[in-house]
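This report refers to the structure that appears directly beneath it.
The values are calculated or read from the model by the stated rules, or taken from the named source; none is laboratory data. Source: prediction; values computed, not measured. Note that each Cβ is placed from the backbone with ideal geometry, even for glycine, and that neighbours are counted across all protein chains shown. Each accessible area value is taken on the protein alone, full model and side chains, heavy atoms only, with ligands, DNA and RNA left out. Shrake-Rupley method; radii C 1.70, N 1.55, O 1.52, S 1.80 Å.
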Amino acid sequence: MAGLHRPSTTSSSSSSSSSSSSNNHSYSRLVMLLTILPLTLASFAFLLQWRGGLTDDPLTRWSPDHSRFPGRSLSNPDPDHIPRHHSHSDCTSTTNPLFPHTRSLSFPYFRHWNFDIHSNLKPKVCITTSTSAGLEQTLPWIYYHKVIGVSTFLLFVEGKAASANVSRVLESIPGVKVIYRTRELEEQQAKSRIWNETWLASFFYKPCNYELFVKQSLNMEMAIVMARDSGMDWIIHLDTDELIHPAGTQEYSLRKLLSDVPANVDIVIFPNYESSVERDDIKEPFSEVSMFKKNFDHLPKDVYFGNYKDATRGNPNYFLTYGNGKAAARIQDHLRSNGAHRWHNYMKTPNEIKLDEAAVLHYTYPKFSDLTSRRDRCGCKPTKEDVKRCFMLEFDRAAFIIASTATEEEMRQWYRERIVWTDKTLNLRLLRKGILTRIYAPMVIIQSLRESGTFSSVIAKAAETTLSKDTFLKSVESSNSTRKNARSGTSSTRKIDVGGVSQATARRILEVIDSSLPTAIPPLSPPSLDPSDLITS
């Protein structure tokens, strides 16, 4: 038995040794497989991501598909898209005192974006404005709207915006036309048919806001002609403290939003949201403000009126300033402005729609300095009687009086009580109710534009060029000269005093037209709790 047991032990030991060796071999193969597999996958991923040269910087190579930034379509090739090849020299941006937050690395969506106007995408959208703002406000405003699909900007400039350094930068931007308030321009506008009509007459020969309102209407009349000559499909009048928020589209695109508008619609109304600043030291509103108060049109009535007093916070109205939005108009025959907030048509009642989600974001008194800057632009006396001649809205009147009579400390206190939303409990409650809302897209886009060096590079490029103001004034004169329009027999928006039509005949024609024209729509406050106001609304 012992003899039989000994071989059995040997055999068992041999089998155990063989099994251990086999296990070790399998383990080694597994380790080798686990080592080789990640290396293989990493190499494969590198080949997939490689763009064809060592000149590409890592940030661009490993970024998402930047050609698909919201608002940019691949179905129609757009020369504005970012080129494939990039150089290291463009990865940094020059720090500029106007934009202290500029950083070296750029957001990949905007790297080398051409931002040019030459695009086959439709519809073509034009924005016109009358402004005296500086580059710190105007550049973010322009490039944000370029990102969401605007191709042309008609800037009627005065003050700081018309200064040599600022205007040189603005003139250097593709798609931007700068129109200066010269004597030649005023002589042209003095011949406008608007002066012979009644719809704007109640605003004539009054100071401050009323004067601006008439000036905006005259500029809009001129902008229609220029936009049509440039082949635009839509025109929008917007101030440089307002941003279009094209919510309600799959892409964050104004162009896409307007392309979906039915062909029989003439005017699209964007209800406005008003900024609700949470600090009194805001420097760059577009980059620092994310909370907005919704428009009456975008709220259930019970929510609006049920929270009216909390939302008003002791101010004269739900909004500090206007609440009747802004509008986009389809370029067509006989189009005219109807004040800064609306468009109309000389020959028909336009078909209008109001958008359910998209809005105009109005950055209202977002900086403490806005109190004194508005005061300095108006020469009215700081009395309750005199400010009515200068300002259409009650809050503007109150702000002017405070800025003209109070000390800086008193102004700061008034600003915090009336404008700054410091009560976080109230903010949270109104956010939950839907009165307040957070909107981050404009902030992200503008911050990314700044970090990409877009603004600083525009300034640097403009410093290398010299542009002639006289050359552009000649183009303005040509665009706005009275002429017979060959397209559809369109009548000029200028006063009818040429082309063989007598003054008496022109006067009779205008009287007939005026009888059916509504009065220009001024900035209007939202509905209040006053029963008579509710009936009007």
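Answer yes or no as to whether residue 136 is farther than 19 Å from residue 223 by Cβ, acidic (Asp, Glu) and out of contact with any Ser or Thr (no Cβ under 9 Å at 6 or more places or on another chain).
yes
I'd like to know if segment 365-373 contains one or more residues that are without any contact (Cβ under 8 Å) to a residue 60 or more places away in the chain, among the hydroxyl-bearing types (Ser, Thr, Tyr), closer than 23 Å to residue 202 by Cα and open to solvent by less than 80 Å² (accessible area, probe 1.4 Å).
No, segment 365-373 has no match at all.
Scan segment 305-316 residue by residue and report those that are open to solvent by 30 Å² or more (accessible area, probe 1.4 Å), assigned to a helix (DSSP H, G or I) and of a type outside the set (Asp, Glu).
Once the filter is applied, which keeps residues that are open to solvent by 30 Å² or more (accessible area, probe 1.4 Å), assigned to a helix (DSSP H, G or I) and of a type outside the set (Asp, Glu), segment 305-316 yields 305, 306, 309.
Show the residue pairs meeting these rules: Cβ distance below 8 Å; 6+ apart or different chains; first residue within segment 250-267 and farther than 13 Å from residue 357 by Cβ; second residue surrounded by fewer than 17 Cβ atoms within 10 Å (Cβ to Cβ) and basic (Lys, Arg).
Listed by first residue and then by second, the contacts come to 255/122; 259/122.
Considering every residue within segment 346-353, establish whether at least one is within 24 Å of the chain's Cα centre (by Cα) and open to solvent by 10 Å² or more (accessible area, probe 1.4 Å).
Among the residues of segment 346-353, at least one is within 24 Å of the chain's Cα centre (by Cα) and open to solvent by 10 Å² or more (accessible area, probe 1.4 Å), which makes the answer yes.
State yes or no: is residue 319 open to solvent by less than 10 Å² (accessible area, probe 1.4 Å), under 23 Å from the mean Cα position of the chain (by Cα) and either at positive phi or not aliphatic (A, V, I, L, M) (or both)?
Values: open to solvent by less than 10 Å² (accessible area, probe 1.4 Å): yes; under 23 Å from the mean Cα position of the chain (by Cα): yes; either at positive phi or not aliphatic (A, V, I, L, M) (or both): yes.
Considered against the rule, which asks whether it is open to solvent by less than 10 Å² (accessible area, probe 1.4 Å), under 23 Å from the mean Cα position of the chain (by Cα) and either at positive phi or not aliphatic (A, V, I, L, M) (or both), residue 319 comes out as yes.
Name, by its number, the condition in (1) in contact with a Cys (Cβ under 7 Å, 6 or more places away or on another chain); (2) modelled with pLDDT under 95 that does not hold for residue 152.
(2)
Considering only segment 195-211, how many residues are open to solvent by 10 Å² or more (accessible area, probe 1.4 Å) and in contact with a helix residue (DSSP H, G or I) (Cβ under 7 Å, 6 or more places away or on another chain)?
Counting residues in segment 195-211 that are open to solvent by 10 Å² or more (accessible area, probe 1.4 Å) and in contact with a helix residue (DSSP H, G or I) (Cβ under 7 Å, 6 or more places away or on another chain) gives 9.
Return yes when residue 221 is free of Cβ contacts under 8 Å to residues at least 40 places away in the same chain, assigned to a helix (DSSP H, G or I) and not basic (Lys, Arg) and no when it is not. Give the steps one after another, and end with the answer.
Working: free of Cβ contacts under 8 Å to residues at least 40 places away in the same chain: no; assigned to a helix (DSSP H, G or I): yes; not basic (Lys, Arg): yes.
So residue 221 does not fit the description; no.
Go through (1) part of a loop (DSSP other than H, G, I, E, B); (2) touching a Ser or Thr at 6+ places or on another chain (Cβ under 8 Å); (3) open to solvent by 20 Å² or more (accessible area, probe 1.4 Å) one by one and return the number of the condition residue 231 breaks.
Going through (1) part of a loop (DSSP other than H, G, I, E, B); (2) touching a Ser or Thr at 6+ places or on another chain (Cβ under 8 Å); (3) open to solvent by 20 Å² or more (accessible area, probe 1.4 Å) one by one, residue 231 breaks only (2).
Just to be sure I understand, how many residues within segment 368-412 are of a type in the set (A, V, I, L, M, F, W, C) and not in a helix (DSSP H, G or I)?
Counting residues in segment 368-412 that are of a type in the set (A, V, I, L, M, F, W, C) and not in a helix (DSSP H, G or I) gives 7.
Here's the yes/no breakdown for (1) within 24 Å of residue 459 (Cβ to Cβ); (2) in contact with a helix residue (DSSP H, G or I) (Cβ under 8 Å, 6 or more places away or on another chain); (3) surrounded by 17 or more Cβ atoms within 10 Å (Cβ to Cβ):
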{"site": "131", "(1), (2), (3)": "yes, yes, yes"}
{"site": "138", "(1), (2), (3)": "yes, yes, yes"}
{"site": "148", "(1), (2), (3)": "yes, yes, yes"}
{"site": "153", "(1), (2), (3)": "yes, yes, yes"}
{"site": "162", "(1), (2), (3)": "yes, no, yes"}
{"site": "184", "(1), (2), (3)": "no, yes, no"}
{"site": "193", "(1), (2), (3)": "no, yes, yes"}
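Keeping to segment 413-433, report how many residues are outside any helix (DSSP H, G or I) and open to solvent by less than 20 Å² (accessible area, probe 1.4 Å). Write out each step before concluding.
Taking segment 413-433 first, the residues outside any helix (DSSP H, G or I) are 419-423.
Filter once more, so that each one left must be open to solvent by less than 20 Å² (accessible area, probe 1.4 Å): 419-421.
Residues meeting the conditions: 3.
Might you let me know whether segment 226-236 holds any residue that is over 30 Å from residue 357 (Cα atoms), out of contact with any Leu (no Cβ under 7 Å at 6 or more places or on another chain) and either hydrophobic (A, V, I, L, M, F, W, C) or modelled with pLDDT of 95 or more (or both)?
Within segment 226-236, one or more residues are over 30 Å from residue 357 (Cα atoms), out of contact with any Leu (no Cβ under 7 Å at 6 or more places or on another chain) and either hydrophobic (A, V, I, L, M, F, W, C) or modelled with pLDDT of 95 or more (or both).
With a cut-off of at least 3 residues that are under 22 Å from residue 342 (Cβ atoms), name the strands (runs of 3 or more DSSP E) lying wholly within segment 255-304.
267-270, 272-275
Residue-wise test of (1) within 27 Å of the chain's Cα centre (by Cα); (2) not acidic (Asp, Glu).
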{"site": "186", "(1), (2)": "no, no"}
{"site": "193", "(1), (2)": "no, yes"}
{"site": "197", "(1), (2)": "no, no"}
{"site": "201", "(1), (2)": "no, yes"}
{"site": "210", "(1), (2)": "yes, yes"}
{"site": "213", "(1), (2)": "yes, yes"}
{"site": "216", "(1), (2)": "yes, yes"}
{"site": "222", "(1), (2)": "yes, yes"}
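Here are 289, 265, 277: which of them is open to solvent by less than 20 Å² (accessible area, probe 1.4 Å) and under 21 Å from residue 127 (Cα atoms)?
Just a single option satisfies the conditions, and that option is 265.
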